[in-house]
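Since the structure comes first, as structure tokens, the remarks are kept for the end.
The values are calculated or read from the model by the stated rules, or taken from the named source; none is laboratory data. The structure presented is a predicted model; accordingly, all values stated were derived computationally and were not measured. Please note: Cβ atoms are built from the backbone with ideal geometry, for glycine as well, and neighbour counts cover all protein chains shown. Note: areas computed on protein heavy atoms with side chains; ligands, DNA, RNA excluded. Shrake-Rupley method; radii C 1.70, N 1.55, O 1.52, S 1.80 Å.
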Amino acid sequence: MKTKYLMSMGTLSRKDNSLDFKNEKGHNYIPITEIREIYLMNEISLNTKLLSFLSQNNIIVHYFDYYGFYRGTFFPKEHYISGKLLLKQINAYENKGILIAKKIVLAISINIYNTLYHYYRHGNNEIYDYLNYLKDDCKNKIEKSKTINNLLAVEGEIWQLFYKNIKYIINQNIDFSRRVKRPPDNPMNAMISFGNSLLYTKTITQIYHTHLNQSISYLHELSKSRFSLSLDLSEAFKPIIVFKTIFDLINNKKINLKEHFNKKVNYCVLNEKGKEIFLINFEKRLDNKFDHKSLKRKISYNSAIKYDGYKLIKFLLEEKDFMFFNDKEKK
Amino acid sequence: MDINGTLINYYFHCKRQCWLHANRINLENEFELVDIGKAMHEIKFNNKKNSEIKIDNISIDKLTNDYVIEYKKSDADIEAAKWQLLFYLKVLKEKGIDRTGKLIFAEKNKQSKKTIVVKLDKENENELLNIMKNINELIKGDIPEVKLIKGCKKCAFYEYCFL
Ligand code: SF4
């Protein structure tokens, strides 16, 4: 167990060398050694004694509000620091930023392609044009982009067309025509928002265990967040982790549009049961292991996120060419 | 960068590992072999707490009236372990502590003895100086290329090197 989700209201504190989560039902002790990150998904009280204990043990805490909106991250003192790499990261920002950013957008397009191709093979012919676009047009546009703004426009187009094609992938009738973020206006947008935030926080945790500085990013604006690099590195995994989870939940009727959402006039969010279902399936997908071609070892998608960080380090330190995560890494 | 025992050990084991460690790129060991090694160390040898001694930038497993003792999990890389220990002997000697080194392996595969005694003499002391000079040059230069060796699969840099 590396990730702990606390879903109910309560108090989290230190008890000797364990964590003690106290809620309505009583005390729940969690040995510290089994934990890498904690998600507070509800109103939970804690004190500074706990925070320093967590910090000593390099445990990251992500907190979400009751509605499932990401609120922030408690980040322990960094345990891997390399001045040399930091300089390289900054240097690359000035000289090779666009190159790295292109690799991110390319990875998005490849991973969407691979995710959707599965559906095309099973008879969803309507997405043919989009698949073609991803293969040719989009690739050219990425190549030809001269500035980050050009590139962001291509990225925007990829997602916009992707959202338009979602209706051909899912077998339930969801009114989903466009991406609305704050606040999400229908179940699809609610799940995308929740899933993307989760993936982003998962990436923060993984990058924490590398020497990369989280505030230096290449595709997203530096000032976008304290963890802009995690915004960058989570992109490639969105199709594989977030959207595959969503399609599975809908198409296999694991989630019920009537029962698992809170709908009001101007917003729609997952309710408690909905969040739980989403989290279980999301975690399962991240924990899924596959044979890695060059490592000759079984690795999980969750580790693959960290390894994308390693690839970036290798590129910065050794100028080794690389590609962010894609299906070719699987055996 | 100050040379330490680990660097000496890595220098013999793998130049790339030595470079990465010296440049402070230490990565998590996915298989947690490092932890297992540490735990073993603690259980098997260091039942008493704090028996490890730190002097400057070296940490010694055990110091007796006659010996500096270094415990190793296995005898897979004797040469590396030997020079690491010689380095400790040299640092201690500079502080006026003259000792003989003893290497103790928990598992023996390569050779029949569980214990090896090493002595610091003129010859290997000069050789050690040479090694330290080489290490200093190595870590200032470019990172050495990946070369698959027996220890790679257990190395904390494995994923980094072979991705
Ligand atoms: S994985 Fe192999 S090549 Fe890489 S640092 Fe370790 S021992 Fe050296």
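For the reader, a short list of remarks on this structure follows.
- Split the accessible area of the protein assembly as shown by element, probe 1.4 Å, and carbon with sulfur accounts for 48%.
- The shape of region A:138-192 can be summarised by an equivalent ellipsoid whose semi-axes, obtained from the alpha carbon gyration tensor, come to 27, 14, 6 Å from longest to shortest.
- Per residue, chain A reaches -15000 deg cm²/dmol at 222 nm when only DSSP H runs of four or more residues are counted, each adding -39500 (n - 2.57).
- Filter on A:LYS224/A:LYS298; A:LYS306/B:LYS54; A:LYS202/A:LYS289; A:LYS320/B:LYS73; A:LYS146/A:LYS320; A:LYS102/A:LYS164 - keep pairs with C-alpha separation over 25 Å: A:LYS224/A:LYS298; A:LYS306/B:LYS54; A:LYS320/B:LYS73
- Of the residues in region B:139-163, those shielded by at least 50 Å² of accessible area once partner protein chains are present, compared with the chain alone at a 1.4 Å probe, are B:TYR158, B:GLU159, B:TYR160, B:LEU163.
- Site pair B:GLU94 and A:TYR29 shows an inter-label distance of 4.8 nm when each label is modelled 7 Å from Cα along Cα→Cβ.
- Length released on extending from A:LYS167 to A:ILE90, taking residue separation times 0.36 nm less the Cα-Cα span: 23.6 nm
- Using a probe of 1.4 Å, the accessible surface attributed to B:TRP83 totals some 20 Å² when neighbouring protein chains are kept in position.
- Pairwise label distance in nanometres, A:LYS258 with B:THR64, each label 7 Å out on the Cα-Cβ vector: 8.0
- Gyration tensor (alpha-carbon) shape descriptor, chain A, a/c threshold 1.5: oblate
- Within the protein assembly as shown, percent of DSSP bridges classed antiparallel, to nearest 5: 65
- Most mobile of A:THR115, A:THR203, A:THR11 in a GNM of chain A (Cα contacts under 10 Å): A:THR11
- Computed from label points 7 Å out along Cα-Cβ, the spacing between A:ASN114 and A:ASP291 is 1.6 nm.
- Taking the chain by itself as reference, region A:304-329 contains these residues with an accessible-area loss of 50 Å² or more in the full protein complex (1.4 Å probe, heavy atoms): A:TYR307, A:TYR310, A:LYS314, A:LEU317, A:GLU318.
- Of B:ASP75, A:ASP65, the residue with the largest accessible area leads and the full order is A:ASP65, B:ASP75 (1.4 Å probe).
- One equal scatterer on each Cα of region B:73-120, no solvent, Debye formula: the resulting log10 I(q)/I(0) at q = 0.24 Å⁻¹ is -0.81.
- Heavy-atom accessible area ranking, 1.4 Å probe, most first, across A:TYR63, A:TYR133: A:TYR63, A:TYR133
- Probe 1.4 Å - accessible area at A:LEU87, Å² to nearest ten: 120
- Cβ-based charge dipole, region A:45-162, positive-most Cα from A:ASN95, A:LEU46, A:SER145: A:ASN95
- Sparsely packed loop sites in region A:7-59 (the trypsin sites (Lys or Arg not before Pro) outside DSSP H, G, I, E and B with at most 16 other Cβ atoms within 10 Å) comprise A:LYS25.
- Most to least accessible of A:PHE261, A:PHE74 (protein chains only, probe 1.4 Å): A:PHE74, A:PHE261
- At least 10 Å² accessible surface lost relative to isolated chain, residues of region A:57-90 (1.4 Å probe): A:TYR80, A:ILE81, A:SER82, A:LYS84
- Solvent-accessible surface (1.4 angstrom probe) belonging to A:ASP291, in square angstrom, nearest 10: 70
- Listed residues A:ASN58, A:ASN23, A:ASN165, most fluctuating in chain A (Gaussian network, C-alpha, under 10 Å): A:ASN23
- Residue of A:GLN89, A:GLN214, A:GLN172 that the Gaussian network model of chain A assigns the largest fluctuation, springs spanning Cα pairs under 10 Å: A:GLN172
- The A and B chains share an interface that buries close to 2200 Å² of accessible area, total over both sides, probe 1.4 Å.
- Under a 5 Å amide H cut-off, with hydrogens placed 1.01 Å from N, A:LYS15 pairs with A:ASP20 among residues at least 5 apart or on other chains.
- The mean accessible area for residues of the protein assembly as shown, using a 1.4 Å probe and ignoring ligands and nucleic acids, is 50 Å² per residue.
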